[in-house]
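Structure first, commentary second.
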Number of protein chains: 2
Amino acid sequence: MKMKYSFTLLLLIFVFAFGNAQNSILGFSEKSAAEQQKLEKSFEEKLDATNIDNWMQKMAAEPHWVGTKFGEENAKWIRDQFKSWGYDAKIETYQILFPYPIERELELIGPTTYKAKLTAVPVEGDSFTSQGDALLPSYNAFSKDGDVEGELVFVNYGIPKDYEELEKLGISVKGKIVIAKYQGSWRGIKPKLAAENGAIGCIIYSDPQDDGYGQGDVYPEGAFKNKTGVQRGSVMDMPTYPGDVLTPGYGATKDAKRLDREEAPTITKIPVLPISYEDAQPLLAALDGPVAPESWRGGLPITYHIGPGPAKVHLKLKFDWKLVPAHNVIATMKGTEFPDQWVMRGNHHDAWVHGANDPISGMVALMEEARAVGELAKKGQKPKRTLVYCAWDAEEPGLIGSTEWVEDHKKELQEKVVAYINTDGNGRGFLGVGGSHSLQAMVSEVAGDVTDPQTNVSVKERRIARDLVNGGGDSFELYALGSGSDYTPFIQHAGIASLNLGFGGENSGGEYHTIYDTYPHYKRFKDPEFAYGVALANTAGRITLRLANADIIPLDFDQWYKTVSGYLDEIMEETSKMRSSVEKHNKLMDRNAFELASDPRENIKKPEREEPVPYLDFSPLQNVLSDLKTTIEQYDMIRLNELPEAKKNMLNTMLMDAEKTLTSEKGLPRRPWFKHQIYAPGFYTGYGVKTLPGVREAVEQKNWTEAKEQINILSETLSNFNSHLKKIVSSLK
Amino acid sequence: MKMKYSFTLLLLIFVFAFGNAQNSILGFSEKSAAEQQKLEKSFEEKLDATNIDNWMQKMAAEPHWVGTKFGEENAKWIRDQFKSWGYDAKIETYQILFPYPIERELELIGPTTYKAKLTAVPVEGDSFTSQGDALLPSYNAFSKDGDVEGELVFVNYGIPKDYEELEKLGISVKGKIVIAKYQGSWRGIKPKLAAENGAIGCIIYSDPQDDGYGQGDVYPEGAFKNKTGVQRGSVMDMPTYPGDVLTPGYGATKDAKRLDREEAPTITKIPVLPISYEDAQPLLAALDGPVAPESWRGGLPITYHIGPGPAKVHLKLKFDWKLVPAHNVIATMKGTEFPDQWVMRGNHHDAWVHGANDPISGMVALMEEARAVGELAKKGQKPKRTLVYCAWDAEEPGLIGSTEWVEDHKKELQEKVVAYINTDGNGRGFLGVGGSHSLQAMVSEVAGDVTDPQTNVSVKERRIARDLVNGGGDSFELYALGSGSDYTPFIQHAGIASLNLGFGGENSGGEYHTIYDTYPHYKRFKDPEFAYGVALANTAGRITLRLANADIIPLDFDQWYKTVSGYLDEIMEETSKMRSSVEKHNKLMDRNAFELASDPRENIKKPEREEPVPYLDFSPLQNVLSDLKTTIEQYDMIRLNELPEAKKNMLNTMLMDAEKTLTSEKGLPRRPWFKHQIYAPGFYTGYGVKTLPGVREAVEQKNWTEAKEQINILSETLSNFNSHLKKIVSSLK
């Protein structure tokens, strides 16, 4: 008892002293912290919004999707810029499959007729929208070819609960063509689920309530989607694996073995086409059948019916499927002390059309950051660890450039990379950061050191203010990473600690993946003075420089533990709720309540009894988390800054391996490419994250056998993580 | 201890025996219950849907608002029908002020122009909509005359929280004309609040999301409001007092003293006009200024802006203000045993246009009920207590017919009326009943005895099934009465126990107060076979007959107590929540969180510190409710059916007075007409009920001094109620 008390006291004194140190930075001794702060100040002073502005104008001047001449020119120019800043820069090229649309036809063929226009119109004040044939036609990449005809069914967002609702209403999409609203999930989920439910075609449109005049004035009067705007985008089955569809798990080098296109599992099973709300309205208006549930209805001036029919449509799509070169720019600045420890930064450079916002606004901030770092280096302030700046190609069609590169270099990366820091576009507003929770404490410190350009408080304080006003908590937290940008191969596949960051919340608009994502649109509605471009360079640059120069790699497992044990609590609570819900459902079945409560004139299908939810044994997870808590407390007791140099170096090597012990080589069920056991994109949400994904998705799918298996697999993984941390603790004694 | 135990045991045995009695009906001995059940069965067998159908066709053949020839003919015909069924029937007429619109002009005069059409179009398949000039023009009764011009401001529903939002945005309506959506409150609140906030005119429109194509197919394809439909309706300040605006608190007899129109407090302070969504769209589209908050936006294909301006409108309204006769039909069947104990039934007969649904569907069910009761009487099965059936005139402009009659006969009614049972239209679906909670147990029993025409379970079971499916509880409960129909003068002013009932939930549509509320619309979309018309006659008739024939008037105070103490719990919880919310708000103010969280480019006004919410002393209410609980338990222990006849009669007389002890002669603050201390329409919600209104509204308005006063007034009232019940208990010993 006495012992415990004195330990706690000691800890308090330590924390108090440490917390009060003027120059404290996680991972730095007091002396190094002072130097680092000076360095970061010089770095910040070198950042210049004019560069960001000029470079955006240059790089977003023409459309530049993967395989275009302008895209290749951008890549070469980026490489040359990096060279001029003192980096060792090169282009690494992969040959990837990329479909270009050569036929797109969509017609309403009954009971009335309408031929979809499928083209967005040029707008006044934005000459970029007048580039005509140079603009990429609107389509969904990795839709299969197809020529189908069938009755139309409106499926809301086309996500699992929408199909449950259709089932209740006794409506099947088998043999039909579905029309789904954008949003509610990542777009690729819509054709995937439609096909699983027997549909033969899929149309996706942007409803004006979610993405059009319902959100605000439309372009060019305002920032939002006008009636002709169409969101392009990939529908590749990325939750199975991202990257080149023909080379799963390995680099798409020139001579790589390739799958036949017909057997590529991540190309859709049915043809898919995105359309505007102008084109969608006649189709939806021609539907009859039940009126859509209230939450399904959108902003068109019609009554939304579900169908099927009498609306009948014809959809024809043909693509030119060819291999195109994807050019990744890789720029390296060798570390002075630890050249084999890499801190990586990346943003993609390819766009669907001009991509002023997505991705150029992030790309140019990364470049300005790299330029300032290069200037410091030229003055002798080189990083201790190696920096690798990347400009990825072919992110838009399916994270292809980064994935192929990671797959190609996986072994080396797993040995050498400390962390990967991703950006992908940027705007005005609040800092948002996702990533590995062992990095949360470090990021929170950095966010406290960067000043918000509009309010002059730290970006951390501003972000927390917004969270508080919205009912959130009083701390800076990382969101968990699902998918949707180039961090995916790093964290999900290679098990490398990763971050993804950007500013936003005051830059909404409807330009995403349309011909309206241009420089004039960005200047008017996103970050007019590029002040947040500078803030992003400042934030990401400080994170990069801290990881590069830290005495001890700044990982914190205390916040990791709180977050991950919180995930387990969520799943256990979710399971209890499902159990109560099933019990309640079956009680209502017993008294025929559903039938009595429903309108006999509506043909609502009587629901079925549900299988009771068993009690799952979560104790293996609870036990290993309890062990982890003890280990982490022991780690936290060590005075890291007082370790001898050799121990510090050994510690760093071991810390670099920590995130990888959170992966399992077998990967997740039905998608072995995804190795990480804490974070994954949802199999039925797409980009949306599922934490502790093996267990969580098994529970959500009510697959209790798999849930039990996954509890054991996750326990083993966490146990490996615990062993690794224990090894660290014991080796430091 | 032993004593207590044996008491409980005794009670259990009693309840068990009573609950199992085959023929148990609340208020009836076993013998009388058997007779009553036979009687009700004969009554039910006499009900005939054909009458209901035919009478609706007759009474809804032409428009019949108060003062029309056709309305007078209906009244006379109703009287004659009652006479033919054996009732002593007469017409009682009041002279009431009623405005008829002679000029209606609304124009957008800048920056573009548009002249509002202000007319609904005839539709195919419904010849009633083609009656042209015979149809009442669309307007809001008791708008003042006016000729105003000003900038337009969109105020969402125009309810208190919308003005709070405008305040935050720094937008004032002073000197402006507001445009508000229908719904969100009773319509009369909109011009009242607009005027309080300085507006000079008010336009109300039906947004298609709430009431148009957003709900379903529009008339004549479907039941919902088409683009030309306009909801008429009164905007008289009924929460201050309903009834004739010139004779507050007394009958508008021919020679009654009348206020000058200029000083009548319940006529609006500014001109008000209701319009269609076709007429609203050009006005709303011409607005600029901030985009409306997401929850404000409706279903028109535009971006909703708030203004003010640049849209400028001109609104001109002129009415013919004249006295017209309001004809109430009063039909009496004298009770055989207790002629001075009246059970009253009522429904209004006036409509805005044809009113097939509102009010005729309820009126004809009442008539069929009365006819069947008359038939029984002719065969010798007369009621023990007197029945009074009423057909009210001038309900639509402000509950005028019923209010004048109640004011005129108040003393007699307070002495003689056992209860008033109101209906007002009817449809297909689920039984809903509101009213005095001492009547809940009786109504629940009746609902258990009426069979639902679609499912063949009791209407009670079906209603509970729906509640359960929607997450509600497993018992049949009365909602509390606010205002909106003719029960208001009975319960709120005279303190007479009241009920309001009807079926619905499977009969939605947009015909309310439009030219589309016709027989063809009703037949297609409401209650096609008039099966629920019969169900309503059956339910209301059984309630009437039970009240008329009960040995002991079937009041139950146990459920009353649970409900009312629940209201107090709500208010106390609400006060706590307000306190936490203010504390949180002020904490956020201290750290400047609101300013940091808001977009500096939007001109959001910095919120102000709020006054802390004091702890209120609710103990007087808690103590009197605790006393009441004891008294009610004592009352429940008495074997009422075993009382000698004289005691029963005395008990009945005292029970008739019970509800009146829940009133306070001083009435509610700023509206002395409203005497009831448990239920009132909200001063700022209109029809929406406020329970324990004196205390609740003071708390909601943060008027702590008044809250303390009202706690004392309510405690006194509840204490009077307790004394009355105690007197009953002691007199029965």
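Figures for the structure shown
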quantity: Some residue of segment A:308-317 being in contact with a strand residue (DSSP E or B) (Cβ under 6 Å, 6 or more places away or on another chain), within 12 Å of chain B (Cβ to nearest Cβ) and either under 22 Å from A:L166 (Cα atoms) or part of a helix (DSSP H, G or I) (or both); calculated: no
quantity: Residues (of a type in the set (D, E, K, R), assigned to a helix (DSSP H, G or I) and under 31 Å from the mean Cα position of the chain (by Cα)) located in segment B:25-66; calculated: B:E40, B:K41, B:E44, B:E45, B:K46, B:D53, B:K58
quantity: Conditions (1) more than 12 Å from chain A (Cβ to nearest Cβ); (2) touching a residue at least 40 places away in the same chain (Cβ under 8 Å); (3) assigned to a loop (DSSP other than H, G, I, E, B); number of the one not met by B:E602; calculated: (1)
quantity: Residue match in segment B:567-585 (condition: under 30 Å from A:L431 (Cβ atoms), without any contact (Cβ under 8 Å) to a residue 12 or more places away in the chain and not polar (S, T, N, Q)); calculated: yes
quantity: B:G289 within 14 Å of chain A (Cβ to nearest Cβ) and surrounded by 21 or more Cβ atoms within 10 Å (Cβ to Cβ); calculated: no
quantity: Test: residue in segment A:632-655 that is touching a strand residue (DSSP E or B) at 6+ places or on another chain (Cβ under 9 Å), modelled with pLDDT of 95 or more, under 25 Å from A:S715 (Cα atoms) and outside any loop (DSSP other than H, G, I, E, B); calculated: yes
quantity: Qualifying residue in segment A:480-503 (condition: under 27 Å from B:R591 (Cβ atoms) and within 14 Å of another protein chain (Cβ to nearest Cβ)); calculated: yes
quantity: A:G566 being outside any loop (DSSP other than H, G, I, E, B), surrounded by 20 or more Cβ atoms within 10 Å (Cβ to Cβ) and at negative phi; calculated: no
quantity: Pairs, first more than 9 Å from chain B (Cβ to nearest Cβ) and touching a residue at least 12 places away in the same chain (Cβ under 8 Å) in segment A:457-471, second outside any loop (DSSP other than H, G, I, E, B) and surrounded by fewer than 21 Cβ atoms within 10 Å (Cβ to Cβ), C-beta under 6 Å, six or more apart; calculated: A:K460/A:G448
quantity: Residues satisfying the stated conditions in segment B:323-335, i.e. in contact with a Pro (Cβ under 7 Å, 6 or more places away or on another chain) and surrounded by fewer than 24 Cβ atoms within 10 Å (Cβ to Cβ); calculated: B:G335
quantity: Residue among A:G229, A:G198 that alone is assigned to a loop (DSSP other than H, G, I, E, B), more than 14 Å from chain B (Cβ to nearest Cβ) and crowded, with 24+ Cβ neighbours inside 10 Å; calculated: A:G229
quantity: So A:L616, is it without any contact (Cβ under 8 Å) to a residue 60 or more places away in the chain and more than 30 Å from A:A497 (Cα to Cα); calculated: no
quantity: Segment A:396-408, subset of a type outside the set (A, V, I, L, M) and outside any loop (DSSP other than H, G, I, E, B), residue nearest to A:E369 (Cα to Cα); calculated: A:S402
quantity: Conditions (1) free of Cβ contacts under 8 Å to residues at least 40 places away in the same chain; (2) within 14 Å of another protein chain (Cβ to nearest Cβ); number of the one not met by A:S444; calculated: (2)
quantity: Residues of segment B:248-279 that turn out to be under 22 Å from the mean Cα position of the chain (by Cα) and in a loop (DSSP other than H, G, I, E, B), as a count; calculated: 8
quantity: Residue selected from segment B:201-214 under the condition assigned to a loop (DSSP other than H, G, I, E, B) and at the interface with chain A (Cβ under 8 Å from one of its Cβ atoms), by the criterion farthest from B:A120 (Cα to Cα); calculated: B:G214
quantity: Residue tally, condition in contact with a Lys or Arg (Cβ under 6 Å, 6 or more places away or on another chain) and away from every other protein chain (no Cβ under 13 Å), over segment B:577-599; calculated: 0
quantity: Condition met for A:T247 (within 23 Å of A:R671 (Cβ to Cβ), away from chain B (no Cβ under 14 Å) and either surrounded by fewer than 22 Cβ atoms within 10 Å (Cβ to Cβ) or touching an Asp or Glu at 6+ places or on another chain (Cβ under 8 Å) (or both)); calculated: yes
quantity: Matching option when the condition is touching a strand residue (DSSP E or B) at 6+ places or on another chain (Cβ under 8 Å), assigned to a loop (DSSP other than H, G, I, E, B), farther than 27 Å from B:N347 by Cβ and not acidic (D, E), among B:L118, B:L152; calculated: B:L118
quantity: Total residues in segment B:236-264, condition touching a Lys or Arg at 6+ places or on another chain (Cβ under 7 Å) and not hydroxyl-bearing (S, T, Y); calculated: 3
quantity: Extreme residue, surrounded by the fewest Cβ atoms within 10 Å (Cβ to Cβ), among residues of segment A:504-513 that are at pLDDT 95 or above and within 14 Å of chain B (Cβ to nearest Cβ); calculated: A:G505
quantity: Looking only at segment A:339-366, and only at residues there that are touching a helix residue (DSSP H, G or I) at 6+ places or on another chain (Cβ under 6 Å) and assigned to a helix (DSSP H, G or I), the one that is surrounded by the most Cβ atoms within 10 Å (Cβ to Cβ); calculated: A:A365
quantity: A:E278 being charged (D, E, K, R) and without any contact (Cβ under 8 Å) to a residue 24 or more places away in the chain; calculated: no
quantity: Some residue of segment B:102-115 being out of contact with any strand residue (DSSP E or B) (no Cβ under 9 Å at 6 or more places or on another chain), in a loop (DSSP other than H, G, I, E, B) and surrounded by fewer than 18 Cβ atoms within 10 Å (Cβ to Cβ); calculated: yes
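A quick yes/no check of all residues on (1) part of a strand (DSSP E or B); (2) assigned by TED's automatic domain parsing to the domain that holds A:E72; (3) buried (at least 20 other Cβ atoms within 10 Å of the Cβ):
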| residue | (1), (2), (3) |
| --- | --- |
| A:Q381 | no, yes, no |
| A:Y389 | yes, yes, yes |
| A:A394 | no, yes, yes |
| A:E412 | no, yes, no |
| A:V433 | yes, yes, yes |
| A:L439 | no, yes, yes |
| A:Q454 | no, no, no |
| A:R466 | no, no, no |
| A:G471 | no, no, no |
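Conditions tested, residue by residue: (1) in contact with a Phe, Trp or Tyr (Cβ under 7 Å, 6 or more places away or on another chain); (2) over 30 Å from A:Y205 (Cβ atoms); (3) not basic (K, R).
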| site | (1), (2), (3) |
| --- | --- |
| A:T451 | no, yes, yes |
| A:R463 | yes, yes, no |
| A:L478 | no, yes, yes |
| A:P489 | no, yes, yes |
| A:A497 | no, yes, yes |
| A:N500 | yes, no, yes |
| A:I515 | no, no, yes |
| A:K523 | no, no, no |
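The values are calculated or read from the model by the stated rules, or taken from the named source; none is laboratory data. All figures in this text were calculated on a predicted structure; none of them were measured in a lab. Methodologically, a virtual Cβ is constructed for each residue, glycine included, from the backbone with ideal geometry; neighbour enumeration extends over all protein chains shown.
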